[in-house]
1. Pop out the carbon and sulfur fraction of the accessible area of the stretch 138-255 as a percent, whole number, probe 1.4 Å.
2. Could you please put MET121, MET239 in sequence from largest to smallest accessible area, using a 1.4 Å probe?
3. Hey, with R₀ at 22 Å, roughly what FRET efficiency would ILE203 and LEU249 work out to, going by the Cβ-Cβ distance, to 0.05?
4. Just to be sure I follow: if Rg is taken over the C-alpha atoms of the stretch 214-260 and Rh is the Kirkwood radius over the same atoms, what is Rg/Rh?
Amino acid sequence: MRSSSRTIRPSGFSSPGSRAPPRHHRTARSVRLRPRGKAGAVVGSFPVGLWLIRGEHVLLGVVFRSRSKDEQAATAKVTASQPQQPRDPQAPKGRPTPKRSEAQSQRRTRAHSPTNRKDAMKAQREARRADLARQREALANGDERYLPVRDKGPVRRFARDYVDSRWCAAEFFLPVAVIILVLTMIRVPQIQSLALLLWLVIIVLIVLDSALIWFRLGKVLQERFPKENLKGVRAYAVMRTLQMRRLRLPKPQVKRGQRP
């Protein structure tokens, strides 16, 4: 039984002693195939020439060809098919055009910027000194723009006014403590007992007054500022009561008995 497999050889080559079959015995038709579509291979992968594959002549130089031009054409078509979105006129800079005065001040700032480290440190110290001066002035007159972060905001301002508008037992702690210290130095048992009793009384009054301020202020804050962050405001107010009125910072802006 003859084998049905055929040996594939390059066109133009034959084994020694073999003859080409007659023209009328050739069953395979010589067809030169051309590639379909835009796919291909890199030139140089295989030698260019005619190869016999299943009775067909294939031109490898056509099949394995460069596709750089086809890829460029496909990329151009995809780019052309994408819709062009309108560009925002403010997109390049993302901010409005500054006024002439602002632009001039910025130019002056850049012109006077320090050129070495020593001048930069000196300018930084001067800026810090100016900030501290503005902050001290704000603590004296209650200017909200330059107050420290812990004192800013309408909630903290209301807490300060609530404390400053009433008498607090804790603000007399320092004077009473000095009196108690002097009484304990006297070697008289009755006076020392009085000093101890006075010490207990002032401690109890401070605790009761602080608890009263804590709960009353919390209730008023919930009514006045329901949507504000009230964390730490009551402790801030209680700590302010421990200071004498003249030593409080920021300075009191309301009188005693005046409703905030």
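1. For the stretch 138-255, the apolar C and S fraction of the accessible surface comes to 67 percent.
2. MET239, MET121
3. After rounding to 0.05, the efficiency reads 0.30.
4. That ratio equals 0.98.
The values are calculated or read from the model by the stated rules, or taken from the named source; none is laboratory data. Here the structure is a predicted model, which is why all the values come from computation and not from measurement. Counting neighbours? That spans all protein chains shown, and the Cβs are built from the backbone with ideal geometry, glycine included. Only protein heavy atoms, including side chains, enter the accessible area calculation; ligands, DNA and RNA are left aside. Shrake-Rupley method; radii C 1.70, N 1.55, O 1.52, S 1.80 Å.
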